[in-house]
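A single structure is presented below for examination.
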């Protein structure tokens with residue numbers, strides 16, 4: 001199996017984490033290399049000028065597949081709940097990189113974090 005084939009499988013697995021929430025959020029991009037979700041509601045922050053907020057995305061790149069979960073940036077308790085296994089894949093504050101398929105526990109952790117992020121933003125009426 002080639003690296004790009006591994007990336008395609010990883011992309012497909014990681015996309016399922018966000019796809020579960022696609023009806024609640026707005027799908028900005030759904031291509032073979034990118035799946036991006038935005039809020040349906042306008043942002044409450046003036047710097048966004050009433051545009052939706054970026055929630056997260058999965059992107060297939062040349063060197064890895066990246067998983068971006070923006071609510072981690074705005075929720076310290078959620079960010080502190082990242083497992084050690086997932087933390088090893090962290091790049092910056094809201095991005096995780098994968099060169100192969102995510103392990104079951106890492107995928108489960110991403111699902112848990114994403115579900116919590118949706119719940120948090122929903123409670124704040126940001127969705």
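Would you pick out the residues in segment 59-81 that are surrounded by fewer than 18 Cβ atoms within 10 Å (Cβ to Cβ) and farther than 12 Å from residue 117 by Cβ?
61, 62, 63, 76, 80 - these are the residues of segment 59-81 that are surrounded by fewer than 18 Cβ atoms within 10 Å (Cβ to Cβ) and farther than 12 Å from residue 117 by Cβ.
Enumerate the pairs (first residue in segment 79-90 and closer than 11 Å to residue 110 by Cα; second residue anywhere and assigned to a strand (DSSP E or B)) with beta-carbon separation below 8 Å, excluding pairs fewer than 6 apart on the same chain, so at least 6 apart or on different chains.
82/90; 86/96
Take segment 95-126 and flag every residue that is under 19 Å from residue 44 (Cβ atoms) and under 15 Å from the mean Cα position of the chain (by Cα).
If we filter segment 95-126 for residues that are under 19 Å from residue 44 (Cβ atoms), which is where we start, we get 117-126.
Correct list: 117, 118, 119, 120, 121.
Just to be sure I understand, how many residues within segment 42-58 are surrounded by 16 or more Cβ atoms within 10 Å (Cβ to Cβ) and in contact (Cβ under 8 Å) with a residue 40 or more places away in the chain?
Pass one, segment 42-58, residues surrounded by 16 or more Cβ atoms within 10 Å (Cβ to Cβ): 43, 52-58.
From what is left, the residues that are in contact (Cβ under 8 Å) with a residue 40 or more places away in the chain are 43, 53, 55-56, 58.
Residues in segment 42-58 being surrounded by 16 or more Cβ atoms within 10 Å (Cβ to Cβ) and in contact (Cβ under 8 Å) with a residue 40 or more places away in the chain: 5 in total.
Moving on to the next point. Within segment 49-70, count every residue that is within 16 Å of residue 30 (Cα to Cα) and out of contact with any strand residue (DSSP E or B) (no Cβ under 8 Å at 6 or more places or on another chain).
Taking segment 49-70 and keeping what is within 16 Å of residue 30 (Cα to Cα), we get 54-61, 65-68.
Checking the rest, the ones that are also out of contact with any strand residue (DSSP E or B) (no Cβ under 8 Å at 6 or more places or on another chain) come to 61.
Of the residues in segment 49-70, 1 are within 16 Å of residue 30 (Cα to Cα) and out of contact with any strand residue (DSSP E or B) (no Cβ under 8 Å at 6 or more places or on another chain).
Let me ask another. Considering only residues of segment 21-34 that are under 19 Å from residue 9 (Cα atoms) and free of Cβ contacts under 8 Å to residues at least 24 places away in the same chain, which is surrounded by the most Cβ atoms within 10 Å (Cβ to Cβ)? Walk me through how you get there before you give the answer.
First, pick out the residues of segment 21-34 that are under 19 Å from residue 9 (Cα atoms): 29-34.
Right, trim to free of Cβ contacts under 8 Å to residues at least 24 places away in the same chain and you get 30-31.
Details: 30: 13, 31: 9.
It comes out as 30.
Then there is this: Please verify whether residue 12 is closer than 19 Å to residue 109 by Cβ and either surrounded by fewer than 18 Cβ atoms within 10 Å (Cβ to Cβ) or out of contact with any strand residue (DSSP E or B) (no Cβ under 7 Å at 6 or more places or on another chain) (or both), treating the condition exactly as stated.
Details: closer than 19 Å to residue 109 by Cβ: yes; either surrounded by fewer than 18 Cβ atoms within 10 Å (Cβ to Cβ) or out of contact with any strand residue (DSSP E or B) (no Cβ under 7 Å at 6 or more places or on another chain) (or both): yes.
Yes, satisfied.
Only the coordinates and a few stated rules stand behind these numbers; no lab work does. Note that the structure is predicted; figures quoted are calculated from it, not measured. Virtual Cβ from ideal backbone geometry, glycine too; neighbours counted across all protein chains shown.
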